[in-house]
Structure formats: structure tokens, C-alpha cells
Ligand code: ADP
Ligand code: MG
């Protein structure tokens with residue numbers, strides 16, 4: 001293997017040559033106590049940055065610690081993911097110091113990952129499994145990007161040598177060696193995450209869908225910052241009747257509110273914290289970093305936030321449990337549209353979530369179609385059932401639980417009609433939770449709604465769709481001289497809201513449980529891989545998604561890319577399904 005000195009000399013020789021000459025530096029280089037691997041060299045200074053890795057052995061040949069992480073920090077799956085997450089954040093911090101020191105733009109940049117060409121993606125509040133960092137008994141591996149320095153289109157060899165031979169050594173020394181890190185902080189990080197995973201695992205045996213710890217901080221700084229609200233924040237407090245307690249493996253007893261399986265209604269005045277509570281429940285499918293305020297809010301992993309999303313495309317979904325007899329005789333058992341309405345989009349999103357195994361639906365009135373949610377006595381009298389295609393959610397919510405065991409947590413401050421179908425009613429007043437089930441049930445008795453129940457006997461069928469074998473049209477727009485790009489689909493992501501394959505855009509703005517752009521990149525990779533090797537015209541959508549997740553579980557996120565990349569994070573089946581379901585070239 002070549003050494004760091006060889007790399008240094010090579011870079012000095014390349015000084016002032018044309019940028020493409022950088023291609024020669026691809027390869028492995030032995031540093032004093034780690035290895036640098038240059039996997040991909042950018043073609044020009046304005047292209048996406050080059051991809052590199054460092055591998056740091058846990059011990060030297062003489063058994064002296066190098067990375068030196070004690071095995072107890074990664075002995076379980078939870079701990080391993082938490083440690084990798086911690087190191088990713090540490091790495092990001094050191095890299096950002098280096099960037100500040102150098103004050104360089106694209107050229108000379110070091111970062112974990114970039115959005116587009118040079119917008120740096122920084123870590124989110126959630127602890128996810130990421131491809132940026134790997135730890136095992138042998139070594140620590142970090143993957144990142146560097147912008148190889150240039151003036152105009154010629155190589156700046158000396159700066160490149162500083163970056164690759166010196167800065168990277170600093171990164172390794174300050175971010176990837178146990179001896180340089182805060183041991184207590186690492187242990188805390190790992191234990192908090194392990195406790196959260198443990199709590200989430202207890203939910204089912206207590207017949208709960210979510211747990212919100214006393215003292216948790218639910219509101220966020222702003223619509224654009226996911227950091228905890230620090231001023232005038234009311235910490236979460238559980239009403240006596242809903243209090244549950246757990247003994248966590250690391251941090252002992254904890255109390256908080258248990259949300260039971262069944263139908264839970266969240267009511268209360270406007271601006272009193274209803275949506276904030278539901279959002280905290282929705283992100284409770286993920287773990288959070290210590291200090292986030294949501295470390296001990298955990299939700300059933302299969303909880304899916306549902307919302308109306310007019311304008312989305314829908315392919316072959318059986319929405320007939322909710323919608324029938326559309327104008328012009330349009331099929332609702334295989335409903336396809338390029339431009340859904342609020343109600344049809346919400347119906348489709350529920351059916352699609354059930355199709356891939358959701359066990360909890362999270363619905364907020366703020367983002368629901370009114371005519372999908374309620375149809376009161378007066379409207380039933382004016383517009384006969386025969387003239388209304390929609391069977392409202394209120395007449396289906398119970399059937400979804402009784403028939404499939406799928407619970408719903410619903411924010412509904414605008415209609416008391418739901419009192420009849422709720423098992424639990426939670427009220428919010430000045431951000432404090434109250435238990436209102438008894439009161440709501442008494443009111444339901446006193447003031448009947450006089451509604452006619454319209455939902456029929458049962459929910460109806462969940463049809464499992466089979467995507468057609470015909471290749472998804474992912475390469476459209478990437479053709480060169482009339483031939484499809486042989487490197488496969490060109491994938492682009494924009495924040496967490498858009499995935500682009502060639503000219504096809506998938507709009508994911510409405511998918512609230514996608515929290516990191518790295519998840520979107522992995523989803524893009526998964527779709528490309530599905531198209532390449534799994535689509536056979538026979539497998540159901542659910543099976544396809546299960547298969548690819550089993551393969552990722554067994555072989556790692558690396559199966560999604562041609563060479564090891566550091567910019568992916570693990571996603572849930574529901575978000576992969578959501579992306580597929582919004583692909584306009586999907587056919588079933
Ligand atoms: P609702 O859905 O009931 O109308 P929201 O959940 O949207 O209300 O909350 C309204 C505002 O109050 C938001 O700006 C939110 O950040 C803030 N908020 C929510 N919960 C708390 C809390 N516990 N302490 C302080 N502010 C909060
Ligand atoms: Mg609200």
C-alpha cells in the first residue's frame with residue numbers, strides 16, 4: 001500500500017496541472033495509525049465533492065489502543081447505532097471547526113455530506129443508523145466528502161496536501177479516538193438511546209401505542225428549527241389517570257402518559273398544544289439525542305402520520321372503503337389519478353399505510369380534509385348518502401381498530417361527533433394534559449348527534465397491489481445521445497421534501513416522518529435497486545418492501561450503492577412506500 005508520504009509527493013507533483021489529473025489519487029494510503037481510502041474523485045471543481053473514507057483500527061499490532069472504543073459501548077444493536085451516531089456528530093463538529101479555520105468554500109471543504117454541490121448537511125435531532133460511521137471490534141470507519149482545492153480549473157497541490165494529509169489526521173485524532181473524547185458523554189448517549197429502544201419495546205405488552213415521559217419538552221424552537229423550545233416552555237406533565245411507570249435498564253424509574261391502543265382523541269382550544277403533542281408522538285418512532293427533550297417519548301414503530309395532500313398522484317389504490325360512486329364512473333377499487341383531491345388523497349394514504357402494515361394512524365385536523373373527517377346530521381339530511389361518494393373517517397375509525405387492530409390518535413378540536421367513537425379523550429389546556437374521557441362520554445349521552453352511521457358492517461378489503469414488471473421510468477431525462485445513462489438513474493435529493501430520478505420528481509413534502517435527507521438518499525437507492533433486481537411483476541408492493549428491508553438489515557445500507565457512501569440513513573417501510581406511491585411512473 002502507498003503511504004501518506006507518497007500521497008503528499010503526488011499532490012505536490014500535481015500542483016497546477018489540469019483538475020482531471022486529480023483522478024490519479026484514487027486509492028488506499030497508509031497513515032501512521034490509520035488508512036485513508038479515496039473512492040471517488042470529482043471530475044471538476046464544481047461537481048459534487050470527492051468521496052473518501054478513513055479506517056482506524058481499534059488496536060495496533062502490539063495491542064495498543066488506537067481508536068480504542070470499549071466493546072461495551074457497542075455490545076447491543078441499540079448501543080452500536082448510538083455510538084455511531086455520537087461519533088458522526090463529533091466528526092461533524094471537528095469538520096466544521098476545520099472549515100472555519102480554513103474559511104474555504106467548496107474547494108478545500110471537508111464535510112460528512114453535502115446537499116447538492118456545497119450545502120453542508122448537518123446532523124438532525126434523531127438518532128438514526130447512518131452509513132457515515134461504522135464501528136466493530138476491528139475498526140472504526142468514517143466516510144465523508146472533500147472538495148479538492150483548485151484555482152480556476154487547475155490543481156492547488158499544496159492545499160490539497162494540507163487537506164488530505166494534515167486535516168484528515170486532525171479529524172481522526174479529535175473525532176475517532178476514544179482517548180480524545182468525553183467518555184461520560186458517550187456513555188450517556190449510548191444509555192439514553194438504549195433506554196428509549198427498551199421503552200419502545202415495552203409498549204405492546206402494556207397495550208400502549210405511545211409513551212410521553214413527565215418532564216419531556218415537546219415544542220420546538222420554530223417551524224424551521226427542530227431544537228427544543230427554550231423559553232416559556234411548559235414541560236410535559238401526566239394526568240394521574242393516564243400515568244404509567246417503567247423501570248429502564250440504564251436510568252431506572254420513569255413515569256409518563258401512556259396512550260392506549262384503540263381510539264384516542266386529543267381535544268382542546270386552538271393554540272393549546274394539540275398538534276405539538278401529535279407531532280411529538282409522530283417523531284417518537286425515532287430516538288432522540290440527549291438534551292433534545294424528546295429522549296423518552298416513544299411510539300410504536302409502525303405508527304404512520306396521515307394527512308390530506310391534494311395534487312399528489314395515486315396508482316391503483318382500492319379506496320372503496322372510503323370513497324364510492326365517483327363522477328364519470330371512475331373506479332375506486334383501483335383508483336388512479338395524477339391530481340388527487342384532499343379527501344381522495346387522505347383515503348389513499350390510509351389504505352397505503354394499512355397495505356404495508358401500519359398499526360397506528362396519526363391524524364391531525366389541521367392537515368385533514370374536512371369532508372373526509374366529518375359529515376354531520378344536517379349535511380346528511382341535505383345531501384343524501386347516495387349523492388355523497390365519501391364515507392367519512394368517523395364511520396370507519398372503529399372498524400379499522402376492530403377489524404385490523406390498527407389504533408388511531410386523532411387531534412380534533414372542531415367536532416364533538418367523535419366523542420361517540422373514542423376510547424380515550426385527552427384535553428389540552430395551556431399545554432397541560434387532562435383526562436376527559438368521562439366528561440366527553442357524558443356529553444355524548446346528553447347531546448346526541450342524531451347522525452346516521454354510514455360505514456356499513458366492516459371496513460372492507462385491503463387490496464395488495466402488484467407493481468408491474470415494466471421498468472419504472474427512472475432514467476427518463478438522463479439519456480446521452482439517445483441512450484439511457486449506463487450508470488443507472490441519476491438521483492438527486494432536495495432537503496427532505498423532494499427526490500428526483502432523471503426528470504421524474506417525487507414530492508415528499510407531506511411525508512412528515514422523513515426526518516433526514518440521508519433517509520431520502522437511501523430511499524432513492526432502494527427504489528433504484530427494487531427496479532433493477534426485485535420487480536418481477538408478481539411480488540406485492542408489501543413483499544418487495546419487506547424483501548429489500550430484510551436485505552439491508554442483513555447486509556447493510558451499502559447494498560444500495562456501487563461503492564461505500566457515507567450519506568445514507570435508515571428509513572422505515574412506510575416512507576419507502578410513500579415515495580413509491582408518489583412515483584408517477586408506477587404501474588400496478
Ligand atoms: P393547537 O394544535 O392546539 O392549535 P399547537 O400544538 O400548534 O396548538 O401549539 C401552538 C403553539 O404553542 C406552538 O407555537 C407551539 O410551539 C407552542 N407550544 C406547544 N406546546 C407547548 C408547551 N408545552 N410549552 C410552550 N409552548 C408550547
Ligand atoms: Mg393544531
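Here, each number is a calculation from the coordinates, and none is a lab measurement. Predicted model only: the values in this text are computed from it and were never measured. In this analysis, Cβ positions are derived from the backbone assuming ideal geometry, glycine residues included, and neighbour counts consider all displayed protein chains.
Contour minus end-to-end for residue 182 and residue 538, with contour as 0.36 nm per residue of separation and end-to-end as the Cα-Cα distance?
122.9 nm
Given the Cα-Cα distance of residue 202 and residue 77 and 0.36 nm per residue of separation, how much length would full extension add, in nm?
43.3 nm
Just order 430-439, 564-573 by mean Cβ neighbour count inside 10 Å, highest at the front, would you?
Most protected by this proxy first, the peptides run 564-573, 430-439.
Where does the chain land on Rg/Rh, using Cα atoms and the Kirkwood Rh?
1.01
Please list the three semi-axes, largest first and in whole Å, of the ellipsoid equivalent to the stretch 313-395, using sqrt of 5 times the eigenvalues of its alpha carbon gyration tensor. The partial results should precede the final answer.
Details: eigenvalues 84, 59, 23 Å².
So the equivalent ellipsoid measures 20, 17, 11 Å along its semi-axes.
In 5 Å bins starting at zero, report the fraction of Cα pairs in the stretch 284-424 per bin as a rounded %.
Spelled out bin by bin, the stretch 284-424 gives 2, 9, 17, 21, 20, 15, 9, 4, 2, 1, 0, 0 percent.
Taking the Cα atoms only, what angle lies between the long axis of helix 274-283 and the longest principal axis of the chain, rounded to 10 degrees?
50 degrees
Just to be sure I understand the model, the point goes 7 Å from the Cα along the line to the Cβ. What's the resulting residue 458 to residue 490 distance in nm?
5.0 nm
Expressed as an acute angle from 0 to 90° and rounded to the nearest 10, what is the orientation of the C-alpha long axis of helix 342-355 relative to the principal long axis of the chain?
It is inclined by approximately 70 degrees.
At residue 1 and residue 382, where each label point lies 7 Å from the Cα along Cα→Cβ, what is the point-to-point distance in nanometres?
7.5 nm
Given N residues in the stretch 354-429, what is Rg(Cα) / (2.2 N^0.38 Å)?
Values: Rg = 13.3 Å, N = 76, 2.2 N^0.38 = 11.4 Å.
Output field value: 1.17.
With no solvent and one equal point scatterer placed on each C-alpha of the stretch 219-362, evaluate the Debye formula and give log10 I(q)/I(0) for q = 0.09, 0.11, 0.12, 0.22 Å⁻¹, two decimals.
For the stretch 219-362 at q = 0.09, 0.11, 0.12, 0.22 Å⁻¹, log10 I(q)/I(0) is -0.40, -0.58, -0.66, -1.41.
Kirkwood hydrodynamic radius, computed over distinct alpha-carbon pairs, for the stretch 534-576: how many Å, to one decimal?
11.4 Å
Just how far, in whole angstrom, is the stretch 518-578 from the stretch 35-62 if you go by their alpha carbon centroids?
Taking the Cα centre of the stretch 518-578 as reference, the centre of the stretch 35-62 is 25 Å away.
Report the per residue volume, in Å³, of the convex hull enclosing the C-alpha atoms of the stretch 93-226.
Expressed per residue, the convex hull around the Cα atoms of the stretch 93-226 is 179 Å³.
Could you check the spin-label model distance between residue 234 and residue 154? Points 7 Å from the Cα along Cα→Cβ, value in nm.
If labels sit at residue 234 and residue 154, their model points lie 6.7 nm apart.
Answer rounded, prolate or oblate for the stretch 1-149, using the Cα gyration tensor with square roots of eigenvalues a ≥ b ≥ c: rounded when a/c is under 1.5, else prolate when a/b is larger than b/c, else oblate.
Numbers: a/c = 2.41, a/b = 1.36, b/c = 1.78.
It comes out oblate by the Cα gyration axes.
Grab the beta carbon distance between residue 137 and residue 100, set R0 = 41 Å, and tell me the FRET efficiency rounded to 0.05.
Numbers: r = 35 Å, r/R0 = 0.85.
Plugging the Cβ-Cβ distance into 1/(1 + (r/R0)^6) gives 0.75.
Assuming R0 = 45 Å, can you tell me the calculated FRET efficiency for the pair residue 550 and residue 18, based on Cβ-Cβ distance, to the nearest 0.05? Provide the component values of the computation, followed by the final result.
Details: r = 46 Å, r/R0 = 1.03.
Result of the calculation: an efficiency of 0.45.
How much length is gained if the chain between residue 423 and residue 442 is pulled fully straight, taking 0.36 nm per residue apart and subtracting their Cα-Cα distance, in nm to one decimal?
5.5 nm
Can you give me the C-alpha center-to-center distance between the stretch 434-461 and the stretch 201-229, rounded to a whole angstrom?
28 Å
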